[in-house]
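Below is one structure, written out as structure tokens; the observations come after it.
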Amino acid sequence: MSATVAPPGTALMHDAIRLRDALGLSNREARNEVELLLIRALQVTRASLIARPELAAQAATNEIYLRSLERRLAGEPIAYILSEREFYGHVFAVTPDVLIPRPETELLVDMALERIRPDAPVRVLDLGTGSGAIAIAIALERPHVMLTAVDASAACLRVARFNCARLLGNGERLKLLHSDWFDALAGTTFEMIVSNPPYVAEDDNHLKQGDIRFEPRHALLGGPKGLDALERITSVAPRHLAAGGWLLCEHGYDQAEAVRHMLSRAGLADIVSERDLAGVLRVSGGRWLTGTVGTG
């Protein structure tokens, strides 16, 4: 009798099951991830992988794929393994130095765009830019906007510069500065300030779960209650907002009320919180209407 030959996709299907069971993914998520790992290892397109079943058979022997799979089985975020993540319809380079852009943060971009006319040459500041995803997404959607993006991490700024060069060309519309929040911005004002700051509490159990275990702590931890960075941003922002300018901040699932209180205390008006696709109050903001500096 002749030996039975396994179908070309058997190894890939087996790996998807391993990934599903190890990380609690859905069947679809697990299958998509092993395909992405193999596509990257073989340097082919998804269409090629579908059209040529023999490529899937290489999942059993390709060393690059097998090493990547073991990293993923250990829980390492696939964004770090692939060195990229899609955000707002664009692919951004990411490294373990930066926070992984997440779908819920697209709400922050949506809210910013709703407040910027397509032809308005406004100045926008992105505080704690990380990979640059928020600032670059706004720049791509609003071609007349001039952006400044700051981060206290030189490693983050290197990633942001790479993304800026790749997605915005010469980057004349986006200035990247090394700064601890507002420290390098004395005397400057903006029509809008956006930020996705660290807002995870130091004892939050999520720090021991999923992708967040591998992400940089400086981009996650916001003090004992997760509110330290949000306090600093909301208290100082009025000094850097032009009349009528908006401050918009992402925050934790249970922090909307506290952030609205901060915004009010700082003297901002028209305060609003909006829900992400999961129904969580995720972004809050307010507008600077007066000519005086807020408290704090």
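Key figures
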read-out: Candidate set from the stretch 261-292 (those that are assigned to a strand (DSSP E or B) and of a type in the set (Val, Ile, Thr)); member that is farthest from Leu108 (Cα to Cα); value: Ile271
read-out: Residue match in the stretch 101-115 (condition: surrounded by fewer than 19 Cβ atoms within 10 Å (Cβ to Cβ) and at pLDDT below 95); value: no
read-out: Residues satisfying the stated conditions in the stretch 119-143, i.e. at pLDDT 95 or above and either surrounded by fewer than 24 Cβ atoms within 10 Å (Cβ to Cβ) or part of a helix (DSSP H, G or I) (or both); value: Val122, Arg123, Ala133, Ile134, Ala135, Ile136, Ala137, Ile138, Ala139, Leu140, Glu141, Arg142
read-out: Pair list, Cβ < 6 Å and 6+ apart or interchain, from the stretch 261-285 residues that are free of Cβ contacts under 8 Å to residues at least 24 places away in the same chain and assigned by TED's automatic domain parsing to the domain that holds Ser195 to residues that are crowded, with 16+ Cβ neighbours inside 10 Å and not in a strand (DSSP E or B); value: Ile271/Arg260; Ile271/Leu263; Ser273/Ala256
read-out: Condition met for Ala160 (assigned to a loop (DSSP other than H, G, I, E, B), aliphatic (A, V, I, L, M) and modelled with pLDDT of 95 or more); value: no
read-out: Residue match in the stretch 236-253 (condition: of a type in the set (Ser, Thr, Tyr), in the same structural domain as Ala112 (by TED's automatic domain parsing) and in contact (Cβ under 8 Å) with a residue 40 or more places away in the chain); value: no
read-out: Conditions (1) over 30 Å from Ala22 (Cβ atoms); (2) without any contact (Cβ under 8 Å) to a residue 24 or more places away in the chain; (3) of a type in the set (Asp, Glu); number of the one not met by Asp204; value: (1)
read-out: Count of residues meeting criterion [loosely packed, with under 14 Cβ neighbours inside 10 Å and of a type in the set (D, E, K, R)] in the stretch 257-278; value: 3
read-out: Matching option when the condition is in contact with a Ser or Thr (Cβ under 8 Å, 6 or more places away or on another chain) and of a type in the set (A, V, I, L, M, F, W, C), among Leu176, Leu140; value: Leu176
read-out: Any chance Arg161 is among the basic types (Lys, Arg), over 30 Å from Asp254 (Cβ atoms) and in contact with a Leu (Cβ under 7 Å, 6 or more places away or on another chain); value: yes
read-out: Residue within the stretch 116-136 that is in contact with a Lys or Arg (Cβ under 7 Å, 6 or more places away or on another chain), assigned by TED's automatic domain parsing to the domain that holds Leu263 and either β-branched (Val, Ile, Thr) or without any contact (Cβ under 8 Å) to a residue 12 or more places away in the chain (or both) present; value: yes
read-out: Qualifying residue in the stretch 76-86 (condition: within 30 Å of Ala112 (Cβ to Cβ), buried (at least 18 other Cβ atoms within 10 Å of the Cβ) and in contact with a Pro (Cβ under 6 Å, 6 or more places away or on another chain)); value: yes
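So that you can scan it fast, the table gives a plain yes or no per residue for (1) within 12 Å of the chain's Cα centre (by Cα); (2) more than 29 Å from Pro197 (Cβ to Cβ); (3) among the aromatic types (Phe, Trp, Tyr):
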site	(1), (2), (3)
Glu70	no, yes, no
Tyr88	yes, no, yes
Val91	yes, no, no
Pro96	no, no, no
Leu99	yes, no, no
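The values are calculated or read from the model by the stated rules, or taken from the named source; none is laboratory data. Small disclaimer: the values here were computed from a predicted structure and weren't measured. When we count neighbours, we look across all protein chains shown, and the Cβ atoms used for this are built from the backbone with ideal geometry, even at glycine.
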